[in-house]
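Working notes, beginning with the structure itself.
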Amino acid sequence: MPANPKQDNDKNTGLKMLSCHVEEEQISQHVVTRCQILIPMFARLRMGTEGEQLTEQETAIYDRQIRVWGVDAQRRLSKSHVFVSGLKGTSIEFCKNIVLAGVGSLTLNDDRLVTGDLLFANFLIPPDENDFGGKSVAKLCCDSLKDFNPMVSVSVEKGALSIFDADFFQKFDVVVVSCCSLSTKKSVNSKCHKLPKRVAFYSVECRDSCGEIFVDLQNYSYCKKKNEEAIECELHYPSFEEAIAVPWRSLPKRMSKLFYAMRVIERFEELEGRNPGETSVDDLPSVQNLRKELCEAHCLSESQIPDSLLKRLIASRGEFPPVCAIIGGILGQEVIKAISGKGDPLKNFFFFDVMDGKGIIEDISNVNS
């Protein structure tokens with residue numbers, strides 16, 4: 001029997017109408033589901049906690065982040081104040097990350113004038129000499145970071161890091177230092193420890209293709225889920241001075257060689273009155289002599305600090321941008337965790353060496369604590 005074109009057309013039209021009806025129902029159901037999720041979320045945003053709220057503009061900008069780590073975490077970030085001193089490739093990566101994450105304010109400290117060497121790993125400094133002539137690194141980075149997220153207040157604090165007293169650091173929730181001397185690092189960490197409120201302290205260094213992060217959250221409490229139950233956890237952190245004073249012979253045999261090498265070079269720079277990174281391959285014999293002294297004092301084999309590693313760390317005065325991105329990313333992640341209370345924080349050293357591509361966490365705490 002021949003096919004009836006009219007019947008076929010009617011059937012196709014009916015199928016299309018049914019398909020459209022099904023799609024409309026699916027879309028409608030999707031909208032209802034989204035509303036069921038978002039309306040309570042926005043209600044919580046309006047209520048806030050501790051009497052503080054996210055604004056509608058913050059809610060719109062940070063919508064995706066809120067879905068990842070929640071309303072309370074974003075509120076804490078938006079109310080936090082971060083101080084960063086020493087703006088090189090790694091700390092610049094960190095600044096970019098936390099500005100995009102939406103901290104409340106970021107204060108930058110670096111009075112150095114821009115030179116060609118600083119352009120290598122600092123993407124926040126415009127390459128045109130007419131743009132940076134006579135301006136400090138902090139001022140130029142501040143101008144660039146403001147464009148990343150207008151919701152974050154970015155400012156500059158002039159002056160040497162070593163002159164700021166404890167009251168100055170009380171204004172902040174997080175203090176990050178880089179490119180400073182060993183004595184200054186100890187001093188700033190000590191000042192943060194003496195404050196009545198907890199101020200998280202981080203130091204970060206990137207030499208050649210290696211990087212180190214130190215974390216001091218003092219007495220830190222946080223919650224984590226285990227088998228669908230919330231468990232209260234508490235960690236006790238030593239200061240930087242306490243951590244590096246731990247006898248090397250008491251540390252695990254498989255301790256990262258970077259830990260020992262960084263301590264030798266820090267000590268060498270301090271004894272020689274050098275700024276961080278002001279070393280060259282010509283200093284290798286002197287650094288080797290210091291290594292021998294320190295290893296004998298700590299009853300540690302010199303093989304734990306290879307010549308090849310020392311040479312890499314003292315010979316290169318530049319930074320390796322991919323390593324800066326990795327270390328800066330890890331640091332940003334850790335600061336966000338510490339502020340938001342979400343996730344297990346790092347305790348208390350992180351090391352990365354591009355030669356083996358591994359990131360290693362070492363817990364080096366005071367043996368008396």
Some residue of the stretch 316-325 being under 23 Å from residue 180 (Cα atoms), touching a residue at least 40 places away in the same chain (Cβ under 8 Å), buried (at least 16 other Cβ atoms within 10 Å of the Cβ) and of a type in the set (Lys, Arg): no
Any idea how many residues of the stretch 325-369 are under 13 Å from the mean Cα position of the chain (by Cα), over 16 Å from residue 77 (Cα atoms) and small (Gly, Ala, Ser)? 3
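Suppose we filter 258, 346, 284, 271 for residues that are surrounded by 17 or more Cβ atoms within 10 Å (Cβ to Cβ) and assigned to a helix (DSSP H, G or I); which single one remains?
After applying the criteria, what remains is 258.
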Could you list, ordered by first residue, the pairs with Cβ atoms under 8 Å in which the first is in the stretch 280-298 and among the small types (Gly, Ala, Ser) and the second is part of a helix (DSSP H, G or I) and surrounded by 15 or more Cβ atoms within 10 Å (Cβ to Cβ), at least 6 apart or interchain? 280/314; 280/315; 286/268
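Before we move on, is residue 224 open to solvent by 20 Å² or more (accessible area, probe 1.4 Å), touching a residue at least 12 places away in the same chain (Cβ under 8 Å) and of a type in the set (Lys, Arg)?
Yes; evaluated as a whole, the condition is true for this residue.
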Among what's in the stretch 236-255 and is under 19 Å from residue 360 (Cα atoms) and touching a Lys or Arg at 6+ places or on another chain (Cβ under 7 Å), pick the residue that is most open to solvent (accessible area, probe 1.4 Å). 244
Condition check for residue 114: open to solvent by less than 10 Å² (accessible area, probe 1.4 Å) and either modelled with pLDDT of 90 or more or touching a Phe, Trp or Tyr at 6+ places or on another chain (Cβ under 6 Å) (or both): no
Residue check, residue 306 against (1) within 23 Å of residue 254 (Cα to Cα); (2) at pLDDT below 95, all met but one. Which one? (2)
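The values are calculated or read from the model by the stated rules, or taken from the named source; none is laboratory data. This structure is a prediction, so every number in the text was calculated from the model and none was measured. Using ideal geometry, Cβ is built from the backbone for each residue, glycine included, and neighbour counts are taken over all protein chains shown. In case anyone asks, the SASA skips ligands and DNA or RNA and just uses the protein heavy atoms, side chains included. Shrake-Rupley method; radii C 1.70, N 1.55, O 1.52, S 1.80 Å.
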